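Worksheet: the structure to be examined is printed underneath.
Readers should treat all values here as calculations from the given coordinates under stated rules, not as data from a laboratory. Fair warning: this is a prediction, and the values are worked out from it, not measured in the lab. Because the Cβ atoms are built from the backbone with ideal geometry, glycine has one as well, and the counts that use them run over all protein chains shown.
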Amino acid sequence: MKTTFLGLGLALLTSVGSVGCMLDDTPSNRYGGNGVGSSGGDGNGDGTGTDPNDTKPELSCTEAPEGRSYTLFDGSKLEASRSKENVGVNRARQKPYAVLAGEYKRVLGVVPPSLASAAGSFADPPARWYSEIEHSGVSLNAIFSLSFEGCLEYTKTPASYAANPTAETAATECTTFMRKAWSRSPSPEEVASCVDLATTKLGTEANPRRRWTYVCASVLSSSQFLTF
Amino acid sequence: MFITRLTTRSRRTLRLSLAMVAAPVLAAGAAFLAGPRAHAEGGAVDQAEANERCAVRLSIALLGKSADDALLSSSNPQGSVDTMLASADFADRYARFINSEFNGGPSDKADNDPVYYLAKKIITDGKPWSDLFLGGYDIQPGTNTMTVSDNPNGLGYFRTLSWRRRYAGNEDKGYMLTGAFRILSNTTGLTLIPSVGEPDDDRTASGRAAGACKSCHFDAWFALDKFARLLPMRKGQADTAEFDPPTEGPQQLLGKTLKDDKELVQALVDSDAFRFNQCRNVFKFLYGREENQCEAPQFDACVDALTTTKTIQSAVAAVAKAPAFCQ
């Protein structure tokens, strides 16, 4: 769940007690970027907190802001229980079973038929109840199986999947598919890993469409697709 | 069906399958550590991609649904937060969430979930969130449901018969120690670790007033026995239990003289701890975890919204509309 390197780095910086501000070291701007401010707004006046035309640097809190204090009946401070983490970290949550149909539809255009009867594999909460999904061996196995099933449909017809991947076609398809599945462009390292999978590691798969299906299913089994 | 397919695969295919499972995990791990930051370092952040991720995050967190095409292509997904908060999907999702926070576990019987039904009605009707604890409502069992109606003698869900029975506890005189803890926990977030004690321990009121038990039962601000004296007394057990009015008169609690359960809950709802706990729940709902130190400004905005506008929708909006939520 946590972006470990970032968290570790922050912890180390904090431990030496010399955390500097990244953009502006004034007490009134302990956040980088456009500043969250005391009300969580960004001052654009529309109350939504975002300006769609503004490309912002990432927010970063490098020193604990002076939030208000909340007192329990015994005088203890409730805010003392807060963990010392930055904004924008520890954010990834597992997509619940209930949204997987929509997510498969969004990316593949189809919903794997077996998904409808797979609630038990994901410990979907019962009526009137709520729980964060906690993946298990069963659910991870089911994810790959379901993704493979959906990807078989996805790769069944297009001519681009009739031939085995090459370095060029794999790079193109991996980039396009990862962008679609992850809602972000993949890094060069991620594309290279995908190309290696398609062209080398899957070399024993003789059927081109099945080889593309494996590539597709691997992307849909990644944490980038399974979290939000 | 899946097992059949696995067992009929060739060994070669199975090896491929396992490789595929391992590859994305490794790739994902490496990519996750590098994360979007690595990509961002290569150039300007792609705002369209950021908006799309924001749409996915908002839709799943608030509605429990995949984002629709309009939201995915929106140049300002957070501008749709109010619309999402007015939907039946949000009312259901937050009611389920709060039911899971306030109840001990899921139940097959709808009668055991008055929290869910009342929370859903309060959200749907745009009522103050404090009505969940103080509002004049009657929550009666129906056929696989519960029906909420107005009742000036109501006290949120705390006077619902099924709730009282579920949390009546087994104290020998009928004091609702468990119910007292639940009221404290639901309002202020109090957490306690129950002590199982020894087999021969004196579990009567006099036993609880002695030794290690005394702290939680009589001395601490949450003195469970004193709170229970403001609650009805249980007669009978489990699903057939009935309740008599308390007889021990006003109690000195929370720095006040409180004469009944209504004054007790009112004092709790008026506290810092109530506002803090409800906004902590908002963070758990939106982030899947409690707020951290750097998120204090968003947290304070949530408390402000809950204090002024009073609805849970406004409290959720204060956090969901903040730039940090879509980061």
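Region A:110-177 and region B:261-327 have their alpha-carbon centroids 36 Å apart. Between A:Ala192 and A:Asn207, the simple spin-label model (points 7 angstrom out along Cα→Cβ) gives 3.3 nm. Helices meeting the span-like rule in chain B (full DSSP H runs, Cα extent of at least 30 Å along the helix axis, mean Kyte-Doolittle score of 0.5 or higher): B:11-41. Charge tally for B:Glu49 (other residues, Cβ to Cβ under 13 Å; Lys, Arg +1; Asp, Glu -1): +3. Pairs with C-alpha atoms separated by more than 29 Å, drawn from the list A:Lys156/A:Lys201; A:Lys180/B:Lys127; B:Lys121/B:Lys256; B:Lys109/B:Lys321; B:Lys109/B:Lys259, are A:Lys180/B:Lys127; B:Lys121/B:Lys256; B:Lys109/B:Lys321; B:Lys109/B:Lys259.
Projection of the Cα convex hull of region B:160-272, averaged over all directions and equal to a quarter of that hull's surface, yields 7.1 nm². Near A:Pro165, once Lys and Arg are set to +1 and Asp and Glu to -1 for all other residues with Cβ below 15 Å from its Cβ, the sum equals 0.
Taking a ≥ b ≥ c as the square roots of the eigenvalues of the Cα gyration tensor, region A:61-182 is oblate, since a/c reaches 1.5 or more and a/b is not larger than b/c. Charges were assigned to the Cβ only: +1 to each Lys and Arg, -1 to each Asp and Glu. The resulting dipole of chain B about its Cα centre is roughly 980 debye. Counts of other chain beta carbons within 10 angstrom of each beta carbon in peptide A:68-80 average 6. Unpaired cysteine residues in chain B (no second Cys Cβ under 4.7 Å): B:Cys213, B:Cys216. Considering only B:Thr309, B:Ala267, B:Tyr157, and ranking their Cα positions along the charge dipole of chain B that arises from unit charges at the beta-carbon of Lys, Arg, Asp and Glu, the one farthest toward the positive end is B:Tyr157.
Can you tell me how chain B classifies by the Cα gyration tensor, rounded, prolate or oblate, using a/c under 1.5 as the rounded cut? The shape class here is prolate.
Just checking the listed ones, B:Ser107, B:Ser66, B:Ser195: in the Gaussian network model of chain B with Cα springs under 10 Å, the one fluctuating most is B:Ser195. For region A:109-196, the Cβ-based charge dipole about the Cα centre amounts to some 280 debye (Lys, Arg positive; Asp, Glu negative; other atoms uncharged). Each label point was placed 7 Å from the Cα along the Cα-to-Cβ direction; for B:Asp82 and B:Arg289 their separation is 3.2 nm. Full extension of the chain between A:Ser131 and A:Ala116 gives 3.5 nm of extra length, using 0.36 nm per residue less the Cα-Cα distance.
Compared with the direct C-alpha span, the chain from B:Asp202 to B:Asp108 gains 30.3 nm at full extension, assuming 0.36 nm per residue. Suppose R0 equals 41 Å; then what is the FRET efficiency for A:Ser160 and B:Thr145 from their Cβ-Cβ distance, rounded to the nearest 0.05? About 0.20, to the nearest 0.05.
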